[in-house]
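K.L.:
I have a structure here, written as structure tokens, and I will follow up with some questions on it.
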Amino acid sequence: MALERQLNGGVDFLRSVNNYFQSVMAEHRENKTSNKILMEKINSCVFGTDSNHFSCPESFLTYPITLDTPANGVFMRNSQGAEICSLYDKDTLVQLVETGGAHPLSREPITESMIMRKDECHFDSKKESFVASDA
């Protein structure tokens, strides 16, 4: 064991394994906290997608992955800081976050700032897409 510590800068196998598992557990706790905040944001931004409440053709109310109109939608920016938003199915978005998936369009990690309330996006007929109201 003395030789092992000498060769590995004072760290033996058990200490190395213990440090690894501690870092994995810390990362897992951090991800759970981050996911909880993200889930709360998603749940607070859900809305029904009745086409009577939108000033756009119904074809623009489709989810970009399945091309179906979701019953419960959530707007999400197309990438971090993008002005264009897309409509997502709430349940599919929740599943994506729970499994640690990346943003379907940009492949970036999904963050709380990407999730938008219904009143934070409006349809821009010139761009033929939903745009963040702060853009």
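K.L.:
On a full-extension model of 0.36 nm per residue, what is the gain between Asn52 and Ala102, subtracting their alpha-carbon distance, rounded to one decimal in nm?
P.N.:
Roughly 14.9 nm would be gained on extension.
K.L.:
Between their Cα atoms, which of Lys41/Lys126; Lys90/Lys127; Lys90/Lys118; Lys41/Lys90 are more than 22 Å away from each other?
P.N.:
From the list (Lys41/Lys126; Lys90/Lys127; Lys90/Lys118; Lys41/Lys90), the Cα-Cα distance tops 22 Å for Lys41/Lys126; Lys90/Lys127.
K.L.:
Please find the FRET efficiency linking Ser44 to Gln22, where r is the Cβ-Cβ separation and R0 is fixed at 30 Å, and quote it to the nearest 0.05.
P.N.:
The calculated FRET efficiency here is 0.35.
K.L.:
Let me ask something additional. How far is it, in nm, from the label point at Glu112 to the one at Ser59 when both lie 7 Å from their Cα along the line to the Cβ?
P.N.:
A separation of 3.8 nm, rounded to one decimal place.
Values in this text are rule-based calculations from the coordinates and carry no lab data. Values in this document were obtained by computation on a predicted structure and should not be read as measured data. We place every Cβ from the backbone using ideal geometry, glycine too, and count neighbours over all the protein chains shown.
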